[in-house]
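Notes follow the structure.
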Amino acid sequence: MFRKMPVVLLICILAAATLSPYLSEYCQSLLYGLSLSLKSLIVFLLPLLVFSLLCKTASELAQSASKWVVLVLGALCASNFLSTLLSYTVGSFAGALPLSIGLPDVKDSLHPVGELLLPKWIDNSYAMFSGLVAGTFLGLVRPSLAKHVSRWLDGGVKVCLKMFLFLIPMFIIGFVVKMRHEGMIELILRDYFLVFALVAGSVFAYVFFLYALAGCFRKKTFMASVKNMLPAAMAGFGSMSSAASMPLTLLGVEKSAKNPSLAKSTIPITVNIHLIGDCFAIPIFALTILKSFGMPDPSFMQYLVFAFYFVLAKFSVAAVPGGGILVMIPILESYLGFSGEMASLITALYILFDPVITVANILGNGAFALNLGRVFRREKVSNNSSTETAKSQELLG
C-alpha cells in the first residue's frame, strides 16, 4: 500500500475529476462533506501522533545523549532551517512567474452535506513541546520505563499511520469533486507541472551544491560522491522511504567519506529528521497555493515563525509516504492561513511528488554526512558514538 500510494492517489484524482460531472449535486456534496469530516478526524488525532513521535524520539536520544548527538542534531536543525529559508526565496520568485492558478468565477459553490466537525482540543505546538519535555524527562530519569513507553507509542503510531494512509484517498476525492465542480481542477492539472519542475530544479541544485562543497568543488570527487549515492536514491524512489534505503545510504557515504566511521554514525540520526526535499517542496507548494487562492504572501517575520515550527515538526515526521505532509497540516493552517481545500491540494501534490522528494532527502542526508565529516576531521569515532549509532539505528531504522 505504501509503495502504491502515489498511483492510487493519481487514479482517485483522475476518477473523481472525470466522473464528478455525471454525479448529482447531492452526491457531490456528500463526498465533499465526507472529505471535510475525514480532515477533521485527521487534525483531531494529529496532536496525539505528534506527541507520541516526539516523546519516543526524545526519550531514546536522551538515554544516549553525548556531545556527538547534540552536535549532529544542532547541525541538522540548522540545515533544515536554512533549506526552509531558501525555499521562501524560491517560492517568492515563483510568484513572479506564471505558475499560480487564477481562480475561476464561482457561480454555484458546492456546499457540504453530512459534515462532522470535531473540536480542536489542543494546539499542535503544545503537543510538540510537551512530547519533547516528557520524552527527555523519561529518558533521563526513568530509562527502563522510557523503553516500554517508547515501544507502546511506536505501536500506536504505526496503527494511526496505517489508518491515515487508507483515509487519504477519500480525504482527497471530496475536495477534487468540489474543485471540479467550481472549475479549478483543469487549471491545476495544466499549471502545476511547472511548480513540480521548479521544486525539483531548486532542491537538486542545492543538493548538488552541497556535494560540490563536500568535494571542495573538484569535479572528479563530486561525480564519484553522487555516483556512490545513486543506488540509495533509486531505492528511495521506489520505496518512498529514507529509512528503508538507509543501508544503501550508509554504503554510499562510506565509499565517499574521508572519515567513514564519522560519516556513517551521522546517517542513522538524520535519516528521518534531516529532510531537505520536504524543506523545499512543502513551502514552495504552500506559497504557490496561497497565491493561487488569492491570499497574500506571508511576511518574512511571519514565515520565520512558520519555519521554526516547521523545523521542530520534522522530529515528528514518520518515514512513510505522506508522513511529511500530515503533521504539517495544522502548522500550515495556523501560521499560513490554509483552508480545507488548500490542505487537500498540498497533500495531493506532496504525495504525487513523494518519490522525487524522497530522493532529494536521501541525497541530502549523504551530502550532510560528508560535509560534517569535513568539518570534524577525526579518524575514529568514540565508543560512545558507536554505541549511540546502534541505538539510533534501532530508533530511526
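Readers should treat all values here as calculations from the given coordinates under stated rules, not as data from a laboratory. It should be emphasised that the depicted structure is a prediction, and the values quoted were computed from it without experimental measurement.
Distance check, please: which entries in K147/K314; K219/K314; K56/K178; K56/K227 exceed 30 angstrom between their Cα atoms?
In this structure, K219/K314; K56/K178; K56/K227 exceed 30 Å between Cα atoms.
Using θ = phi - 60° and the Karplus relation 6.51 cos²θ - 1.76 cosθ + 1.60, list the HN-Hα couplings for the stretch 80-87 in order, rounded to whole Hz, with x at every Gly or Pro.
With the stated coefficients, the stretch 80-87 comes to 4, 5, 4, 4, 5, 5, 5, 5 Hz.
Using the Karplus curve 6.51 cos²θ - 1.76 cosθ + 1.60 with θ = phi - 60°, what ³J(HN,Hα) values do you get for each residue of the stretch 269-275, in whole Hz, with x for Gly and Pro?
Running phi through 6.51 cos²θ - 1.76 cosθ + 1.60 with θ = phi - 60° gives 6, 8, 4, 9, 10, 8, 10 Hz.
For the stretch 294-310, what does the Karplus curve 6.51 cos²θ - 1.76 cosθ + 1.60, with θ = phi - 60°, yield as ³J(HN,Hα) per residue in whole Hz, taken in order and with x for Gly and Pro?
With coefficients 6.51, -1.76 and 1.60, one gets x, 9, x, 5, x, 5, 5, 5, 4, 5, 4, 5, 4, 4, 4, 5, 4 Hz.
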